[in-house]
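Presented below is the structure to which this report refers.
The values are calculated or read from the model by the stated rules, or taken from the named source; none is laboratory data. This structure is a prediction, so every number in the text was calculated from the model and none was measured. Cβ placement follows ideal geometry from the backbone for every residue including glycine, while neighbour counts extend to all protein chains displayed. Each accessible area value is taken on the protein alone, full model and side chains, heavy atoms only, with ligands, DNA and RNA left out. Shrake-Rupley method; radii C 1.70, N 1.55, O 1.52, S 1.80 Å.
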Amino acid sequence: LSHDGRYLATGSWCGDDYGRGGALQIWDVAAGRCVHVLDRIQGGVGWPDYARQLQWSPDDRRLGVGHNTNVVGVFDPFGGREPEATIDATQGWSRPPSWCWSPDGRSIAIACWKWGLPPMIPIVVAHPLRGRIDDDDVRGMQPTIPEALAATLREDTPLQPMRDPVWGADGLIRGHNNHGQVFAVDTANGAIAWHGVVHEPLTFSPDGRYFAASPAGLVIYDGTTGLPTPMLPMFVGAREHVWAPGESPRRLAMVVDADNEFGAEPGTHILEDGAHLVSLDEVPRAARWDEPDFRGLAFSRDGERLALLDEEGRLAVFALARGGASKAWEQVLEGVSGVLWGAGDVVIAVSNSGSWTCLRTKAT
C-alpha cells in the first residue's frame, strides 16, 4: 500500500516458468480498479513466504520490487516494465534479502553478507539508484565488526543480516534477526551504533524511533540508544505488536492470544504514548508462515480507528477513545487473509488467493 493510501501494488511470482516472469499490478484503491500493469518482470515478483518485497518509495513515485530471486529493482509504477535500477548485491543468494528505502528515497539498504571478506557489518547501501548495480558498485558498511561486539557473539553465530530493516531520518538503520540480535548501523560512518539481545516479538515503529518488545511484559525501547524507555506498560502475553502510521510513539496495538504462556486474558491492548488507552476483547487473525504480508490488524492513517479481522472472517472497525472503543460496523467476509487501511475511510480486505475487497467504513 502506498504511503498516502491511494494505490495498492500486487505482484505475482513466476511459479515454474521462471523465464515467463510475473506481473506487477497497480490498483487505484478509491476506484477499485487496476490502472497499470508491468508484465513479464524477470524471475517473478517477490518470493513465496517472504514479506515486504514490494515497498513504495517515501514520496510514492517509485516502487521497490524484490524479483529475480535475490534482486531488488526500482520501477516507475506507471511506466514501462524495465526497472530504473537493478540492485544485485547478495552474491547469489538463493532467496530474497530484506531491504528498505532511505528516508529521502535516493538509496536502498540491503541486509546481506559480503562473502570472502573479514567479518563485516551485514548491510550494503546502493546509491545512486540508476542502471545495474552489482557487488562492485555498492557501498558496504566499511568497518569490520568491533572486537568488543565480536567477543559477545558465539563463534557459530556472527552478526547476522537484519530482518525488516528500518532507515530512520537520523541516519540509523535498525533491525533484528532470527538469531537473537537487534542492532543499529550509522550510515554516516558505517559503524554499529548499538546492539542488544532480541526478545520476540519485536517490532520497530515506522520511523525507527522506538521498538516494542516483550521479554516478559511489554517494554518500549529507544531506537537511538537501544535502551528501555520509561514507557513500561508491562502487559504480558504478547503475540505481536502493530504501530499506527506516522511519528512514534503515539499509538501501538499489542495482541494477546488465548493460549499465551502467562495465562493473560486474550484481547488487543491499545497504547498511546506508552500509556494504556483502551483494551478490546477481540483478537485479530494471526499472520500465517505462508502469508507473511497479511495481518489481521490495521490502524487508520490518523490512528483514530482500528480495523480488526478475526479468525472467523469477521471484520470490524473500532473508533478508539481513552477508556472505551465503539464498534462502527462489522461484517463477515469469506476467504480473507488480512486487512489494510487506505486513504480516508477505505479499508482493504486482502486474500492470498489473489483477490481484494474495498470497503468504505462510513457506508452501511
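Can you run down the residue pairs with Cβ atoms below 9 Å, 6 or more apart or on separate chains, where the first is in the range 269-296 and touching a residue at least 60 places away in the same chain (Cβ under 8 Å) and the partner is of a type in the set (Asp, Glu) and open to solvent by 50 Å² or more (accessible area, probe 1.4 Å)?
Within 9 Å, the pairs are 289/49; 290/49; 291/49; 292/49.
Name every residue in the range 196-235 that is charged (D, E, K, R) and open to solvent by less than 30 Å² (accessible area, probe 1.4 Å), in order of residue number. Before you say what the answer is, go through the steps one by one.
Applying the first criterion (charged (D, E, K, R)) to the range 196-235 yields 200, 207, 209, 222.
Of everything in the range 196-235, nothing turns out to be charged (D, E, K, R) and open to solvent by less than 30 Å² (accessible area, probe 1.4 Å).
Does any residue of the range 267-281 turn out to be modelled with pLDDT under 95, small (Gly, Ala, Ser) and over 19 Å from residue 220 (Cα atoms)?
No, the range 267-281 contains no residue that is modelled with pLDDT under 95, small (Gly, Ala, Ser) and over 19 Å from residue 220 (Cα atoms).
Among residues belonging to the range 176-211 that are within 23 Å of residue 57 (Cα to Cα) and hydrophobic (A, V, I, L, M, F, W, C), point out the one that is modelled with the lowest pLDDT. So that I can check it myself, show each step before the final result.
Step one: filter the range 176-211 for residues within 23 Å of residue 57 (Cα to Cα), giving 176, 184-188, 190, 203-211.
Next, from what is left, pick out any that are hydrophobic (A, V, I, L, M, F, W, C): 184-185, 188, 204, 211.
Working: 184: 95, 185: 93, 188: 87, 204: 97, 211: 96.
The selected residue is 188.
Got a sec? Which of 253, 258 is part of a loop (DSSP other than H, G, I, E, B) and either within 19 Å of residue 200 (Cα to Cα) or of a type in the set (Ser, Thr, Tyr) (or both)? Talk me through it step by step, then tell me what you get.
Values: 253 fails: part of a loop (DSSP other than H, G, I, E, B).
Just one listed residue meets the conditions, 258.
Can you pull out the residues in the range 178-191 that are buried (at least 18 other Cβ atoms within 10 Å of the Cβ), among the aliphatic types (A, V, I, L, M) and closer than 12 Å to residue 121 by Cα? Write out each step before concluding.
Keep residues of the range 178-191 that are buried (at least 18 other Cβ atoms within 10 Å of the Cβ), which gives 181-185, 187.
Then keep just the ones that are among the aliphatic types (A, V, I, L, M); that gives 182, 184-185.
Correct list: 184, 185.
Going through the range 72-87 one residue at a time, which ones are open to solvent by 10 Å² or more (accessible area, probe 1.4 Å) and either of a type in the set (A, V, I, L, M, F, W, C) or part of a strand (DSSP E or B) (or both)? Before you say what the answer is, go through the steps one by one.
Restricting attention to the range 72-87, the residues satisfying the condition of being open to solvent by 10 Å² or more (accessible area, probe 1.4 Å) are 76, 78-84, 86.
Residues satisfying the conditions are 78, 86.
Across the range 2-31, what is the number of residues that are assigned to a loop (DSSP other than H, G, I, E, B) and among the small types (Gly, Ala, Ser)? Write out each step before concluding.
Filtering the range 2-31 down to residues assigned to a loop (DSSP other than H, G, I, E, B) leaves 2-6, 12, 14-21, 29-31.
From what's left, among the small types (Gly, Ala, Ser): 2, 5, 12, 15, 19, 21, 30-31.
Number satisfying all stated conditions: 8.
Give me the pairs, please: first residue somewhere in the range 229-258 and under 21 Å from residue 169 (Cβ atoms), second residue anywhere and aliphatic (A, V, I, L, M) and open to solvent by 40 Å² or more (accessible area, probe 1.4 Å), beta-carbon distance under 8 Å, and either six or more positions apart or on two chains.
Between residues of the range 229-258 that are under 21 Å from residue 169 (Cβ atoms) and residues that are aliphatic (A, V, I, L, M) and open to solvent by 40 Å² or more (accessible area, probe 1.4 Å), the close pairs are 231/275.
Give the residue that is farthest from residue 108 (Cα to Cα), with candidates limited to residues of the range 32-64 that are of a type in the set (A, V, I, L, M) and assigned to a strand (DSSP E or B). Full working, then the answer.
First pass over the range 32-64, keeping only residues of a type in the set (A, V, I, L, M): 35, 37-38, 41, 45, 51, 54, 63.
Then drop every residue that is not assigned to a strand (DSSP E or B), which leaves 35, 37-38, 41, 45, 54, 63.
On the way: 35: 26, 37: 24, 38: 21, 41: 20, 45: 18, 54: 13, 63: 11 Å.
Top of the filtered list is 35.
Is the range 254-270 home to any residue that is farther than 27 Å from residue 49 by Cβ, more than 20 Å from the chain's Cα centre (by Cα) and crowded, with 20+ Cβ neighbours inside 10 Å?
Quick first cut of the range 254-270, residues farther than 27 Å from residue 49 by Cβ only: 262-265, 267, 269-270.
Okay, now just the ones that are also more than 20 Å from the chain's Cα centre (by Cα), so 262-265, 267, 269.
With the extra rule that they be crowded, with 20+ Cβ neighbours inside 10 Å, the set shrinks to 269.
Yes, the range 254-270 has at least one match.
Identify, please: which residue in the range 32-52 is within 16 Å of residue 7 (Cα to Cα) and open to solvent by less than 60 Å² (accessible area, probe 1.4 Å) and is, among those, modelled with the lowest pLDDT?
32
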